[in-house]
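Student: Next up is a structure, given as structure tokens.
Computed from the coordinates by the stated procedures, all read-outs in this text should not be read as laboratory data. Small disclaimer: the values here were computed from a predicted structure and weren't measured. Reconstructed Cβ throughout: ideal geometry from the backbone, glycine too, with neighbour counts over all protein chains shown.
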Amino acid sequence: MAEKRYRAGVVGLTGIGANRLEADSGAVLNTPMPGSHVASYAALPHTDLVAVCDLKTELFDQFKERWGDVLPDVRTYTDYREMLEKENLDLLSVVTSDNRHTDIVVDGANAGIKGIACEKPLATTVDDCNRMIAACEANGVPISIDHTRRWWPAYHCARKAIREGAIGGVRRIVAHMGGPRAMLFRNGTHLLDGVCFFAESEPEWVFAELDEGFEDYFSYRGDGGRSPAGDPGGSGYIHFKNGVRALVNASKGQASGFCLEIIGEEGRLDVENTVTLSTGVGRSELLDLPPHMVIGIPAYIEELIGVIENGGELLSPASEAKKVVEIIVGFLKSQERGNVRVDLPLPPGN
């Protein structure tokens, strides 16, 4: 029997949507991986990219220049609804501006798409997250969110060590991100998702103070993630229902970096691209990472196909991504109310 093939479409052709770069050897086990949604569909053996969509028609010529040699027959659209109607897609990648994911996901789920791969953040309001989740659940459509660090070997190594009792019960998490792209709704979603990944609980309440210059930033006013100027960094505190407490510093004025410190009853894990276990003064060791893993966008598209075919749970479902959006919006509400505690979940209208 022939292997099933999946017809795929991509909405959004800038950056991570359609880049064709040399395979990224990076620092994660030196494992080359495609760096965009188009590149991932082109590389995966059981997916056929048949259509792409963007409002900017000049990007179609750019797409043909980049991909014409390997994807000569891909059709182009300026209206994603027309693409959904005509192309009988199985898979849909949503790679538009942060604040434009919702209608595309909802319409895709209602149009019979079998699985959706959506860029992070899931949305820019909690209400939009709820709309997306409701539409996908009503239609039985799995939706995976591109919080790609959930597929990093270091994250799996650290979570395995925690679950095996290497540091005792998790008590505190300290998260740091700095540099010019330290934006809560952009790279900050990766940092907050990492906190949630290791806390393994629901966020219960937060408080925060945004960076200087964002004192009156009370709701999303970004440009879809292109410029740091419209997206704040900040410092925040998250209390989870299981008692884990997290301190988050994500500010553009800090030294560049991205790391998590996970503190347990009996030890500590420092997680970047590597994992260091400390169990006392002067007692630390670098843990062995898992062997070769598929990482990045191909990992979550392959997993999505596996869930379509066999059922099961996604590693980065919309329900987890919603936690991140709720925390960020909670931070903005805390700023608006004078940096006070904000209880979660937030009521409708946020």
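Student: Report, in degrees rounded to the nearest 10, the 0 to 90 angle that the Cα long axis of helix 318-336 makes with the longest principal axis of the chain.
Tutor: The two axes meet at around 60 degrees.
Student: Where does the chain land at 222 nm, in deg cm²/dmol rounded to the nearest 500, when only DSSP H runs of n ≥ 4 count, each adding -39500 (n - 2.57), divided by all residues? Let's see the in-between values first.
Tutor: On the way: 9 runs with 107 residues, N = 350.
It lands at -9500 deg cm²/dmol.
Student: Under 14 Å from the Cβ of residue 210, count the other residues' Cβ atoms, weight Lys and Arg +1, Asp and Glu -1, and hand me the total. Provide the component values of the computation, followed by the final result.
Tutor: Working: positive: 221, 252, 333, 337; negative: 209, 211, 212, 215, 216, 231, 336.
Surrounding charge for residue 210 is -3.
Student: To continue, here is another question. Along the charge dipole of the chain, pointing to its positive end and built from +1/-1 on Cβ of Lys, Arg, Asp and Glu, which listed residue (278, 347, 51) has its Cα farthest out?
Tutor: With unit charges placed on the Cβ atoms, the residue in question is 278.
Student: Output the 0 to 90 degree angle, nearest 10, between the alpha-carbon long axis of helix 153-163 and the longest principal axis computed from the alpha carbons of the chain.
Tutor: The angle comes out near 50 degrees.
Student: Another question, then. Once amide H atoms are placed 1.01 Å from N in the peptide plane, what residues at a sequence separation of 5 or more from residue 20, or on another chain, have their amide H within under 5 Å of its amide H?
Tutor: It is none; the list stays empty.
Student: Another question, if that's okay. Which length gain, in nm to one decimal place, applies between residue 337 and residue 310 when the Cα-Cα distance is subtracted from 0.36 nm times their residue separation? Please report the intermediate quantities before stating the final value.
Tutor: Values: separation 27, 0.36 × 27 = 9.72 nm, distance 4.66 nm.
Here the answer is 5.1 nm.
Student: Roughly how tilted is helix 126-139, in degrees to the nearest 10 and between 0 and 90, from the longest Cα axis of the chain?
Tutor: Approximately 50 degrees, to the nearest 10.
Student: For residue 261 and residue 218, what is the calculated FRET efficiency with R₀ set at 41 Å and r taken between the beta-carbons, to the nearest 0.05?
Tutor: On the way: r = 30 Å, r/R0 = 0.73.
That pair, residue 261 with residue 218, gives E of 0.85.
Student: Follow-up. When 205, 67 are ordered from fewest to most other Cβ atoms inside 10 Å of their Cβ, what list results? Don't skip to the end; give the middle numbers.
Tutor: Numbers: 205 15, 67 18.
Ranked by crowding around the Cβ, least crowded first: 205, 67.
Student: Just the number, please: percent antiparallel of the DSSP beta bridges in the chain, rounded to the nearest 5.
Tutor: Numbers: 37 of 64 bridges.
Approximately 60 percent, going by the DSSP bridge assignments.
Student: Next question. For region 214-251 and region 323-338, compute the distance between their C-alpha centroids and round to whole Å.
Tutor: Taking the Cα centre of region 323-338 as reference, the centre of region 214-251 is 7 Å away.
Student: Give, rounded to the nearest 20 debye, the magnitude of the charge dipole that the chain has about its Cα centre when Lys and Arg contribute +1 at Cβ and Asp and Glu contribute -1 at Cβ.
Tutor: The dipole of the chain has a size of about 420 debye.
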